[in-house]
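Enquirer: First the structure, which I've put down as structure tokens, then a few questions once you've had a look.
The values are calculated or read from the model by the stated rules, or taken from the named source; none is laboratory data. All values reported here derive from a predicted model rather than from experimental measurement. Cβ atoms come from the backbone with ideal geometry, glycine included; neighbour counts cover every protein chain shown. Heads up: the accessible areas ignore ligands, DNA and RNA and are worked out on the full protein's heavy atoms, side chains in. Shrake-Rupley method; radii C 1.70, N 1.55, O 1.52, S 1.80 Å.
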Amino acid sequence: MEVGTTTHRLALLGTGDYISDFVGPLGLPTDIDKFGTVVCVAGGFAVATIMPIARALKERGNKVISIMGARNRELIFWEEELRRVSDELIVTTDDGSYGRKGMVTEPLKELLESSTRIDRVIAIGPSVMMKFSARTTEPFGVKTIVSLNPIMVDGTGMCGCCRVSVGGETKFACVDGPDFDGHQVDWDLLFARQRIYLEQEETSFEDWKRQHGF
Ligand code: FES
């Protein structure tokens, strides 16, 4: 999805083009173990992130129930790929144009209320979706891992830009994360810090559009 300067620049690349630098993988790997029944919740483009996690959990012998949600049908992708690595897949769209109408938290709550014992939830997607997924699981006491996406600059723990607060402790998502316990995250701090460069991001995008005749 082309959103700002960087994504528009990336979208202009063609076959054989390249970006000058790429650093990674950064941070800590996702904790994969035999937990029992794991619900993997993916919001929007996070299907791409949750796919290898769901696959690894399945290979480790877990029962994997996946929930993928998007704003509308056009934004759904990799449905069959995710279905292949899941014992069950539930698809939702906000506008009801495909799958169940509504948010991913609705089927998540139903699963938690059902007779199926849920041992862990992994929720990845927009921050607000991860916050409400964690809110949904909290009363049930089911450990919920989220993958935080604060603004990152150096990605090596030195600039402090990706600072988050988890369980009252300061963590750097690029080296200590990105996975954290969703019940411990200070979501308001995350939302506020994600917005700190909004003005500069808009200025950058306006400049870029002017230079490229958009
Ligand atoms: S991005 Fe700089 S400390 Fe994490």
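Enquirer: Would you tally the residues in the range 168-213 being touching a residue at least 24 places away in the same chain (Cβ under 8 Å), open to solvent by 50 Å² or more (accessible area, probe 1.4 Å) and of a type in the set (Phe, Trp, Tyr)?
Expert: Residues meeting the conditions: 1.
Enquirer: Look at the range 144-167 and say how many of its residues are near the ligand (Cβ under 6 Å from one of its atoms) and either open to solvent by 50 Å² or more (accessible area, probe 1.4 Å) or aromatic (Phe, Trp, Tyr) (or both).
Expert: 5
Enquirer: Next question. Which one of Gly125, Gly69, Gly141 is more than 18 Å from Pro178 (Cβ to Cβ), more than 16 Å from the ligand (Cβ to nearest atom) and crowded, with 20+ Cβ neighbours inside 10 Å?
Expert: Only one candidate passes the filter, namely Gly69.
Enquirer: Further question on the same structure: Those residues that are more than 9 Å from the chain's Cα centre (by Cα) and closer than 18 Å to Leu189 by Cβ, I need them from the range 121-132; list them, please.
Expert: Val128, Lys131, Phe132
Enquirer: Looking at the range 163-214, what helices (runs of 4 or more DSSP H) fall wholly within it and have at least 3 residues that are farther than 20 Å from Val153 by Cα?
Expert: Fully inside the range 163-214 and qualifying: 198-211.
Enquirer: I've got another one for you. Return the pairs, sorted by first residue and then second, in which the second residue is at pLDDT below 95 and of a type in the set (Val, Ile, Thr), the first residue lies in the range 104-120 and is open to solvent by less than 80 Å² (accessible area, probe 1.4 Å), the beta carbons are less than 8 Å apart, and the residues are 6+ apart or on different chains.
Expert: Pairs that qualify, where the first residue is open to solvent by less than 80 Å² (accessible area, probe 1.4 Å) and the partner is at pLDDT below 95 and of a type in the set (Val, Ile, Thr): there are none.
Enquirer: Right, next: Could you tell me whether the range 7-22 includes any residue that is surrounded by 19 or more Cβ atoms within 10 Å (Cβ to Cβ) and either farther than 30 Å from Asp95 by Cα or touching a residue at least 12 places away in the same chain (Cβ under 8 Å) (or both)?
Expert: For the range 7-22, residues surrounded by 19 or more Cβ atoms within 10 Å (Cβ to Cβ) and either farther than 30 Å from Asp95 by Cα or touching a residue at least 12 places away in the same chain (Cβ under 8 Å) (or both): absent.
Enquirer: If a residue must be among the charged types (D, E, K, R) and surrounded by 14 or more Cβ atoms within 10 Å (Cβ to Cβ), how many such residues does the range 91-103 contain?
Expert: Count: 2.
Enquirer: Now, a different point. Hey, can you tell me all the residues within the range 40-66 that are touching an Asp or Glu at 6+ places or on another chain (Cβ under 9 Å) and open to solvent by less than 50 Å² (accessible area, probe 1.4 Å)?
Expert: The answer is Val47, Met51, Leu57, Asn62, Val64, Ile65, Ser66.
Enquirer: Something else: Residues of the range 1-52 being among the small types (Gly, Ala, Ser) and outside any loop (DSSP other than H, G, I, E, B), which ones?
Expert: Matches in the range 1-52: Ala11, Ala42, Gly43, Gly44, Ala46, Ala48.
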